[in-house]
Amino acid sequence: MQPSCLLYAVVEAGPGAAERLGAALAAVQVSSVLIAPAQDGVLDAASAKPLVELAQWAGAAALIADNAALAKALRADGVHLGISMDPAGTYADARRILGPRAIVGADAGISRDDAMTLAEDGAEYVAFGAPLDLSDLDKARARRAELISWWAEIFEVPCVAFDVESPEAAAALAQAGADFVSVTLPTAEPPAAARDLVAGLAAAISLAEAMP
């Protein structure tokens, strides 16, 4: 039986990215792969194309971070839009570029109004996260869980839990109603670390969903 909460992997383009992603995809079923630029870098076609192809070959949806034009050029499955001052306008621009069949998902930040607007406009998913660079991570993680629980109780549009840091967090967010749990593959470690990370999260999600 396929779990109701699926894995959503984030891979930063750059040296070793294909090996990290390949290890993760070989270990467990990954529903979606978000291809993002390396820290302080810019995502280009040369670095993103092999990752798009690798994800699609494994049956995962390949998404490009914040660049609908690049997603279209690479024939990716869609785009993920980060937090925006004008989420409705940013979404409309991406949809115009990619057309009605592409995946356009978006991070709603901490705004319930933005999340509802994005869903009403046609976003395939909304995301709630707890970025690691925030000063009060405990508060951010509690807010993420609260937003996901609220969303899951009311709306049918899927939600993604971003910035999931551990198997325990993945299990709790799956129980809270997240449709996808997002994990960022480690960049400073060998591919085996990516494999072990996704395997641990997948196992935790399965155990959580098996609990009465």
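What follows is calculated from the coordinates using simple rules that are stated; it is not laboratory data. Remember, predicted model here, so these are calculated numbers, not experimental data. For neighbour counting, all protein chains shown are included, and Cβ atoms are generated from backbone atoms with ideal geometry for every residue, glycine included.
Where does the charge balance sit around residue 56 when Lys and Arg score +1, Asp and Glu -1, over other residues with C-beta under 14 Å from its C-beta?
0
How much net charge surrounds residue 17 when only other residues with a Cβ under 15 Å from its Cβ are counted (Lys, Arg +1; Asp, Glu -1)?
-2
Return the Rg/Rh ratio of segment 8-65 with Cα-based radii and a Kirkwood Rh.
0.92
If Rh is defined by the Kirkwood formula over all Cα pairs and Rg also comes from Cα, what ratio Rg/Rh do you get for segment 71-136?
1.00
So which trypsin sites (Lys or Arg not before Pro) in segment 56-138 pass both tests, a DSSP loop state and at most 13 other Cβ atoms within 10 Å of the Cβ?
75, 101
What full-extension length gain, to one decimal in nm, is calculated for residue 196 and residue 4 as 0.36 nm per residue of separation minus the Cα-Cα distance?
Here the segment from residue 196 to residue 4 would lengthen by 67.0 nm.
About its Cα centre, how strong a charge dipole does segment 48-114 have in debye, to the nearest 20, once Lys and Arg get +1 and Asp and Glu get -1 at the Cβ?
Roughly 320 debye, rounded to the nearest 20.
Tell me the mean residue ellipticity at 222 nm calculated for the chain from its helices only (DSSP H runs of n ≥ 4, each -39500 (n - 2.57), averaged over every residue, nearest 500).
-15000 deg cm²/dmol
Can you work out ³J(HN,Hα) from phi for every residue in segment 93-110, in order, using Karplus 6.51 cos²θ - 1.76 cosθ + 1.60 and θ = phi - 60°, giving whole Hz and x for Gly and Pro?
Karplus-based 3J(HN,Hα) across segment 93-110 equals 5, 5, 5, 5, 6, 8, x, x, 8, 7, 7, 10, x, 8, 7, 8, x, 10 Hz.
Amide H neighbours of residue 183 under 5 Å, counting only residues 5+ apart in sequence or on other chains, H built in-plane at 1.01 Å?
Amide H neighbours of residue 183, under 5 Å, 5+ apart: 8, 9, 10.
With only alpha-carbon atoms counted, please give the Rg and Dmax of segment 89-182, in Å.
Rg then Dmax for segment 89-182, in Å: 13.4, 39.
Of all chymotrypsin sites (Phe, Trp or Tyr not before Pro) in segment 119-212, which ones are in loop regions per DSSP and have a Cβ with at most 15 other Cβ atoms within 10 Å?
155
Can you list the residues, at least 5 places off or on another chain, whose amide H is less than 5 Å from the amide H of residue 103, using H built in the peptide plane?
78, 79
Please turn the phi angles of segment 118-123 into ³J(HN,Hα) values with the Karplus equation 6.51 cos²θ - 1.76 cosθ + 1.60 (θ = phi - 60°), one per residue in order, whole Hz, x for glycine and proline.
4, 5, 5, 6, x, 4
With +1 on each Lys and Arg Cβ and -1 on each Asp and Glu Cβ, and nothing else charged, work out how big the dipole of segment 6-210 is about its Cα centre, in Debye to the nearest 20.
Using only the charged Cβ atoms, the result is roughly 520 debye.
Quick one: Cα convex hull volume of segment 6-210, Å³ per residue?
Each residue corresponds to 115 Å³ of Cα convex hull volume.
Using 0.36 nm per residue, how much length does the chain from residue 42 to residue 26 gain when fully extended, once their Cα-Cα distance is taken away?
Full extension of this stretch gives 3.0 nm more.
Quick one: compute the contact order of segment 1-158, relative version, from alpha carbon pairs under 8 angstrom and 6+ residues apart, as a percent.
14
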